Amino acid sequence: MPPPSREFAADAAISHALLTAALGVRLRVATEPLRTVRHEWFDTFDWRLDRAGLILERASGPHGDRTHLLLRDSSGELLLLAPAPPAVITASGGPEAFLLEALVPAGPLRDRLAGVVQIRALLPLARVTAQACTFRVVDAQAKTLARIVVEEPTGRSRRSLGPGCRLRVVPVRGYQGQADRLVRLLAGLPGLRPSSGGWLPGALEELGRRPGDYTGQLQLSLAATMPASAAVQAIMARLLSVAERNMPGVLADLDTEFLHDLRVSVRRARTALKLMGDVLPAGDVVHLVGDLKWMGDLTTPTRDLDAYLLAMDATGAEGTRGAELKPFLDFLGVRRQLAQRALVRGLRSPRWARALQRWRALATDEPEVTKDGAAAAGGRPIGEVAPPRIARTYRRARRLGEAITEASPATDLHALRKRCKELRYLLEFFASLLNQRPYRTVLGQLKELQDCLGEFQDAQVQRAAVSAFADEMLAAGGTSAATFMAMGRAADAVESRQGQARAQFAERFERFANKRTRRNVADLTMAQPAPQPSPDPGRP
Amino acid sequence: MRVLATYNIKGGVGKTSAAVNLAYLAAQEGRRTLLWDLDPQGAATFLFRVRPRVRGGVKALIRGRTSLDALIKGTDFDNLDLLPADFSYRTMDLALDRAKRPTRRIAQLLKPLAAEYQVLILDCPPSVSLVSEGVLRAADTLLVPLVPATLSLRTFDQLTDFVAHARRPRPRILAFFSLVDSRKRLHRDTVARVGAERSDLARAIVPAASIVEQMGPRRLPVVVFSPKSAAAAAYRQLWTEVRDLAER
């Protein structure tokens with residue numbers, strides 16, 4: 001049996017005097033002075049905390065003292081608590097996004113959050129202001145044994161959430177019996193009903209939001225009998241939605257993942273049109289393919305610089321080495337600012353708006369009947385059209401990989417990487433049509449190979465970039481020898497990573513191309529009796 | 001989990017005051033902190049208004065029949081819990097003596113708490129005994145309050161020697177001057193001289209102040225009810241030094 005709720009709600013304000021009187025019959029109660037509490041909840045744009053079953057709140061501590069950051073589990077149980085820093089530095093200069101390091105002081109709470117939040121900014125989800133009163137149940141020594149916190153929303157929060165109140169029993173460790181007793185007492189009071197989740201669900205609902213209302217994953221559920229043209233349109237519509245949801249974050253430069261997700265959407269859309277576009281009218285596709293290439297190219301300089309800066313973080317630019325590398329990081333920072341400005345200009349340009357318009361039209365308009373055969377192909381069920389294309393893309397990737405030897409140039413590995421991305425996207429588009437067991441196995445092998453190829457190619461680009469940046473800094477003058485040496489060491493570290501990735505390639509490719517994976521690919525494309533929708537397990 | 005122990009062979013030198021204030025300061029920084037009052041007198045337990053009683057007494061505790069986790073009491077402060085004292089702790093030596101590997105027993109008992117607490121402070125009774133040896137094996141840092149008087153310094157030398165010859169793992173020692181009366185020339189001179197001679201001394205100097213004695217009647221850490229006092233400032237500085245040393 002689940003434990004009884006420690007939270008109660010009432011539709012009207014509750015009289016503190018009556019509550020004290022009701023409790024005071026059996027308990028020794030001390031009442032704390034009334035205070036104003038501001039609750040503010042945070043999560044990343046893609047709800048990473050929610051998905052990990054965590055709730056991060058900035059509010060007064062459970063004892064009603066100064067402002068704290070409280071980490072709770074999804075049942076509202078307090079896991080960690082830390083004092084909130086008095087002032088926070090925003091991620092973007094604006095008030096709406098916070099770097100983890102700025103919002104949460106060093107310590108166990110930040111350590112716990114870091115693995116979940118990673119490089120994403122924390123955004124405020126909702127705010128509630130309430131008047132709070134704490135009732136302490138004490139013993140003869142005035143030791144607190146349990147607390148009841150009563151909160152009534154005030155001001156704007158009262159107008160949006162209504163006039164009710166919430167009561168929360170806060171147990172004190174080692175005195176659980178007292179908290180249980182309070183819960184029983186409150187459950188017997190008229191006008192109170194068990195509740196959960198505090199103010200957050202209501203506050204989110206008021207804002208028209210719900211937990212998990214954004215994900216970069218495709219989450220497409222296509223039926224095998226669906227016409228191919230409608231299936232591709234559904235894919236394009238979903239990708240457009242992800243791209244558009246990320247644009248404000250890119251414009252405000254809240255964190256690097258907004259741009260990453262936007263780029264992935266654009267790239268996925270290009271792949272969809274390249275490999276499946278023949279089921280749609282050729283004229284529309286040709287125009288949009290051009291648009292998507294331009295959109296991708298526009299976002300590349302900023303993303304490349306993000307990747308360099310993140311790679312420098314990963315190589316641990318700290319201490320003395322950090323000081324020596326600082327001029328280089330500053331150089332990259334300035335470059336990134338310039339690239340971001342150009343990106344913002346591009347995103348606000350009429351050309352970008354026209355491209356989105358064309359994308360939307362292709363995803364939503366009824367395809368026109370043309371003479372180019374698209375109508376015929378588009379009318380075939382997607383369950384027939386997609387599987388052979390997946391198999392073909394796999395075969396092409398395998399052939400490319402089989403031709404790679406120890407002496408092959410980096411460009412050959414890059415070509416394979418691009419083909420692997422296409423295969424990955426196809427698998428993810430049509431996941432709901434595929435046999436799930438071989439799907440997961442093939443995807444697992446593919447991801448391992450992609451990780452290796454990605455590491456190799458990123459290192460290749462970064463090495464070349466460090467060298468080019470060094471030339472520019474040398475030409476500009478004013479950079480110390482120590483900085484160039486530190487850059488050299490950073491390039492060496494990148495080269496070492498690249499060497500490791502190259503050494504792993506043969507083994508990973510063998511797993512991707514062996515007989516067992518080939519059999520799994522064949523099983524993937526077998527007709528399925530009842531296709532099950534599948535969650536998109538990740539992204540490249 | 002960092003294990004700190006306030007320890008001295010002598011009594012009445014400010015061990016409990018330091019333990020209580022440092023525990024509060026650690027907890028206020030967001031660290032989950034547990035204070036174990038090992039002294040049967042139960043002064044720290046009294047200051048946090050907790051009943052000095054451990055179910056089953058020390059025998060059940062040392063034999064592992066009662067889990068430490070079940071004995072922990074929340075204090076009135078965020079992040080700060082207490083493992084209360086019990087008068088039966090006066091026989092902890094005997095209980096340890098009957099246990100296997102008696103000097104490792106305290107460390108073994110503490111192990112399961114590492115998942116929950118980042119800081120554990122042991123407030124030790126004033127003695128040299130099996131309990132002290134167990135504490136030496138369990139603690140990362142031994143915090144030694146030092147009254148600036150000849151006999152007290154002699155005792156500190158004895159303690160340093162005792163730790164140096166104890167079995168590994170041995171804690172590092174951080175001593176700090178306590179109950180310092182700046183009106184007394186002997187105290188002033190001793191602080192200056194010993195401070196220049198020794199490297200295991202904290203810069204923080206806890207004064208002999210009536211405000212520290214007020215902790216008794218108020219039953220609160222001095223950093224709570226008199227945060228601007230010199231004593232509170234000394235404890236804050238001491239905590240900073242202890243934390244930096246522990247994290248080094």
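Checked against (1) part of a helix (DSSP H, G or I); (2) modelled with pLDDT under 90; (3) surrounded by 15 or more Cβ atoms within 10 Å (Cβ to Cβ); (4) hydrophobic (A, V, I, L, M, F, W, C), B:Ala166 meets all criteria but (1). Cβ-Cβ distances below 8 Å connect the following pairs, each with a first residue in the stretch A:473-491 that is farther than 15 Å from A:Phe331 by Cβ, a second residue that is assigned to a helix (DSSP H, G or I) and among the acidic types (Asp, Glu), and a separation of six or more residues or different chains: A:Met485/A:Glu324. The set of residues in the stretch B:77-112 that are touching a residue at least 12 places away in the same chain (Cβ under 8 Å) and either part of a strand (DSSP E or B) or polar (S, T, N, Q) (or both) comprises B:Asn79, B:Leu80, B:Asp81, B:Leu82, B:Leu83, B:Ser88, B:Thr91, B:Thr103.
Considering (1) touching a residue at least 40 places away in the same chain (Cβ under 8 Å); (2) part of a helix (DSSP H, G or I), say which one B:Val144 fails and leave the rest. Of the numbered conditions (1) touching a residue at least 40 places away in the same chain (Cβ under 8 Å); (2) part of a helix (DSSP H, G or I), the odd one out for B:Val144 is (2). With respect to A:Leu239, determine if the residue is touching a Lys or Arg at 6+ places or on another chain (Cβ under 6 Å), under 30 Å from A:Leu433 (Cβ atoms) and not assigned by TED's automatic domain parsing to the domain that holds A:Pro387. Taking the combined requirement at face value, the residue satisfies it.
Does the stretch A:354-368 contain any residue that is under 25 Å from A:Val279 (Cβ atoms), at pLDDT below 90, over 31 Å from the mean Cα position of the chain (by Cα) and loosely packed, with under 14 Cβ neighbours inside 10 Å? Yes, the stretch A:354-368 has at least one match. Across the stretch A:170-178, a minimum of one residue is classified as within 30 Å of B:Leu71 (Cβ to Cβ), within 14 Å of chain B (Cβ to nearest Cβ), in a helix (DSSP H, G or I) and touching a residue at least 24 places away in the same chain (Cβ under 8 Å). Just one of (1) modelled with pLDDT under 90; (2) surrounded by fewer than 14 Cβ atoms within 10 Å (Cβ to Cβ); (3) within 23 Å of A:Trp199 (Cα to Cα); (4) of a type in the set (D, E, K, R) fails for A:Arg26. It is (3).
The test for being within 14 Å of chain A (Cβ to nearest Cβ), free of Cβ contacts under 8 Å to residues at least 40 places away in the same chain and within 21 Å of A:Tyr175 (Cα to Cα) does not hold for B:Leu34. The number of residues in the stretch B:220-244 that are buried (at least 16 other Cβ atoms within 10 Å of the Cβ) and either touching a Leu at 6+ places or on another chain (Cβ under 6 Å) or within 24 Å of A:Ala142 (Cβ to Cβ) (or both) comes to 11.
Within the bounds of the stretch A:85-93, is there any residue that is part of a strand (DSSP E or B), surrounded by fewer than 17 Cβ atoms within 10 Å (Cβ to Cβ), of a type in the set (Val, Ile, Thr) and more than 11 Å from chain B (Cβ to nearest Cβ)?
The answer is yes; a qualifying residue exists.
Could you check how many residues of the stretch B:18-31 are within 18 Å of the chain's Cα centre (by Cα) and either within 14 Å of chain A (Cβ to nearest Cβ) or among the charged types (D, E, K, R) (or both)? Number of matching residues: 6.
One line per residue, one yes/no per condition, for (1) away from chain A (no Cβ under 14 Å); (2) more than 20 Å from B:Arg105 (Cα to Cα); (3) buried (at least 17 other Cβ atoms within 10 Å of the Cβ):
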| position | (1), (2), (3) |
| --- | --- |
| B:Leu47 | no, yes, yes |
| B:Gly56 | yes, no, no |
| B:Arg63 | yes, no, no |
| B:Thr66 | no, no, yes |
| B:Ala70 | no, no, no |
| B:Phe77 | no, yes, yes |
| B:Leu82 | no, no, yes |
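Given the structure, is A:Leu254 on the phi < 0 side of the Ramachandran plot and assigned to a loop (DSSP other than H, G, I, E, B)? Before you say what the answer is, go through the steps one by one.
On the way: on the phi < 0 side of the Ramachandran plot: yes; assigned to a loop (DSSP other than H, G, I, E, B): yes.
So A:Leu254 fits the description; yes.
If we keep just the residues of the stretch A:304-327 that are modelled with pLDDT under 90 and buried (at least 20 other Cβ atoms within 10 Å of the Cβ), which is farthest from A:Phe456 (Cα to Cα)? This residue is A:Glu324.
A count restricted to the stretch A:268-303 and to residues that are among the basic types (Lys, Arg) and surrounded by fewer than 20 Cβ atoms within 10 Å (Cβ to Cβ) stands at 3. How many of the residues in the stretch A:198-251 are of a type in the set (Ser, Thr, Tyr) and assigned to a helix (DSSP H, G or I)? Of the residues in that region, 2 qualify.
Can you confirm whether the stretch A:481-495 contains a residue that is polar (S, T, N, Q), assigned to a helix (DSSP H, G or I) and at pLDDT 90 or above? Scanning the stretch A:481-495, I find no residue that is polar (S, T, N, Q), assigned to a helix (DSSP H, G or I) and at pLDDT 90 or above, so the answer is no. Checking each residue in the stretch B:96-116 for being within 14 Å of chain A (Cβ to nearest Cβ) and in contact with a helix residue (DSSP H, G or I) (Cβ under 9 Å, 6 or more places away or on another chain) picks out B:Leu113, B:Glu116. Pairs are defined by a Cβ separation below 9 Å, a sequence spacing of at least 6 or placement on different chains, a first member in the stretch B:188-205 that is among the β-branched types (Val, Ile, Thr), and a second member that is exposed (fewer than 12 other Cβ atoms within 10 Å of the Cβ); the pairs so defined are B:Thr190/B:Thr150. Restricting to the stretch B:113-135, name every residue that is touching a residue at least 40 places away in the same chain (Cβ under 8 Å), crowded, with 21+ Cβ neighbours inside 10 Å and assigned to a helix (DSSP H, G or I). Passing the criteria: B:Val131, B:Ser132, B:Val135.
The values are calculated or read from the model by the stated rules, or taken from the named source; none is laboratory data. What you see is a predicted model, and the numbers here were worked out from it, not measured in a lab. Counting neighbours? That spans all protein chains shown, and the Cβs are built from the backbone with ideal geometry, glycine included.
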